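Participant: This is the structure I have questions about; it appears just below.
The values are calculated or read from the model by the stated rules, or taken from the named source; none is laboratory data. Because the structure is a prediction, the values reported are computed rather than measured. Cβ placement follows ideal geometry from the backbone for every residue including glycine, while neighbour counts extend to all protein chains displayed. These area figures cover heavy atoms from the full protein model, side chains too; ligands, DNA and RNA do not enter into them. Shrake-Rupley method; radii C 1.70, N 1.55, O 1.52, S 1.80 Å.
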Amino acid sequence: MKRLVFFAAAAAALALAGTAAAALAPWTFVGTGTTCPVVSTYSNGVLHLEKNCTTSTNAAAGASITGLAGQTFSSGSFTLASATQCQGGSPRFNVVTSDATFFLGCNNVTPTTNADGTLTYTFTPATIAAAGNQVPFPTGSIKTVDVLIDVQGTADVSQITVNGTTEVPVPAVNGPTSKSQCKHDGWKTFTSPTFRNQGKCVSWFEHHHTAKSGR
């Protein structure tokens, strides 16, 4: 599963090559011939991810972190709404470098519990070592970085950082490319066009995409 999701995420990142600064780019992936409702939206500082099918299904939801190519991965972190959202090493960072592909899962470090009940998972050589060196820490020059889930369930991921920088999306300028991007307040992230509510966002998608496809 990790290998399949890696190829999907890498493709998404390559499609965004040329982005000058690091930024989150939400994506969803469903394998050919597979059915699975997956969601990846960003709103109010939270990346909301859902995989609404069995873990074994070839599908995932996540976000590429663009603009990091050529850098060295020195640290990463993210915060989850609750401990129950860490399942089987997911969410995790997939870090592809000139040396190898590295997987940094939420179960590979000991989280810090925050005052509001959220938990922050920090990935450095020290935190990986403190948790028993379950996985190797990334070496080499970064090619792509993604944060994702590929197990059944949901995750509300916030305060996503790489190399000390908090990652957020570049404001969308071309409207939604799927209905799922309008859900969970995703409609609020669009600036060109803007929408008054989720229904207006869905209507825009149906008019500009469904009609053009002839469906």
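Participant: Under a 1.4 angstrom probe, counting protein chains only, how are T124, T32, T97 ranked by accessible area, largest first? Mind dumping the intermediate values first?
Facilitator: Values: T124 30, T32 150, T97 5 Å².
I get T32, T124, T97, largest accessible area first.
Participant: Among A155, A130, A83, determine the one that fluctuates most according to a GNM of the chain built with springs between C-alpha atoms less than 10 Å apart.
Facilitator: A130
Participant: Now for a different question. Residue by residue, what Karplus-based ³J(HN,Hα) values in Hz, rounded to whole numbers, does the stretch 192-201 have, using 6.51, -1.76 and 1.60 with θ = phi - 60° and x for Gly and Pro?
Facilitator: 3J(HN,Hα) across the stretch 192-201, in whole Hz: 8, x, 9, 10, 7, 6, 5, x, 5, 5.
Participant: What are the ³J(HN,Hα) values, in whole Hz, obtained from phi via the Karplus relation 6.51 cos²θ - 1.76 cosθ + 1.60 with θ = phi - 60°, for each residue of the stretch 44-56 in sequence order, with x given for Gly and Pro?
Facilitator: 6, x, 10, 8, 9, 10, 9, 10, 9, 7, 5, 4, 6
Participant: Another one. Of the accessible area of the stretch 20-146, with the probe set at 1.4 angstrom, what percent is carbon plus sulfur?
Facilitator: Working: 2720 of 5060 Å².
Roughly 54 percent of what the probe reaches on the stretch 20-146 is carbon or sulfur.
Participant: Check which residues have an amide H placed less than 5 Å from Q71's amide H, if you skip close sequence neighbours.
Facilitator: Correct list: I142.
Participant: Also: Across the stretch 133-145, in residue order, what do the Karplus-derived ³J(HN,Hα) couplings come to in whole Hz, using 6.51 cos²θ - 1.76 cosθ + 1.60 with θ = phi - 60° and x for Gly and Pro?
Facilitator: So the J values, rounded to whole Hz, are 6, 5, 9, x, 8, x, 10, x, 8, 5, 9, 9, 9.
Participant: If you don't mind, there's one more thing I want to ask. Solvent-accessible area per residue for the chain at a 1.4 Å probe radius, Å²?
Facilitator: 47
Participant: Kindly rank 156-169, 190-203 from highest to lowest mean number of other beta carbons found within 10 Å of each residue. Mind dumping the intermediate values first?
Facilitator: Details: 156-169: 17.6, 190-203: 14.1.
Output ranking for 156-169, 190-203: 156-169, 190-203.
Participant: As a check on your grasp of the helix formula, calculate [θ] at 222 nm for the chain: sum -39500 (n - 2.57) over DSSP H runs of n ≥ 4, divide by the residue count, round to the nearest 500.
Facilitator: Numbers: 3 runs with 28 residues, N = 215.
Result for the chain, helices only: -3500 deg cm²/dmol.
Participant: Now a separate question. Scan around S43 for amide H atoms under 5 Å from its own, H built in the peptide plane at 1.01 Å from N, and keep only partners 5 or more places away or cross-chain.
Facilitator: H48
Participant: Rounded, prolate or oblate: pick one for the stretch 144-185, where a ≥ b ≥ c are the square roots of the eigenvalues of its C-alpha gyration tensor, a/c under 1.5 means rounded, and failing that, prolate if a/b is larger than b/c, else oblate.
Facilitator: Details: a/c = 2.04, a/b = 1.20, b/c = 1.70.
Since a/c reaches 1.5 but b/c is at least a/b, the shape of the stretch 144-185 is classed as oblate.
Participant: Additional query: At 0.36 nm per residue, minus the direct Cα-Cα distance, what do T120 and N52 gain on full extension? Give it in nm, one decimal, please. Please report the intermediate quantities before stating the final value.
Facilitator: Working: separation 68, 0.36 × 68 = 24.48 nm, distance 2.42 nm.
Full-extension gain reported as 22.1 nm.
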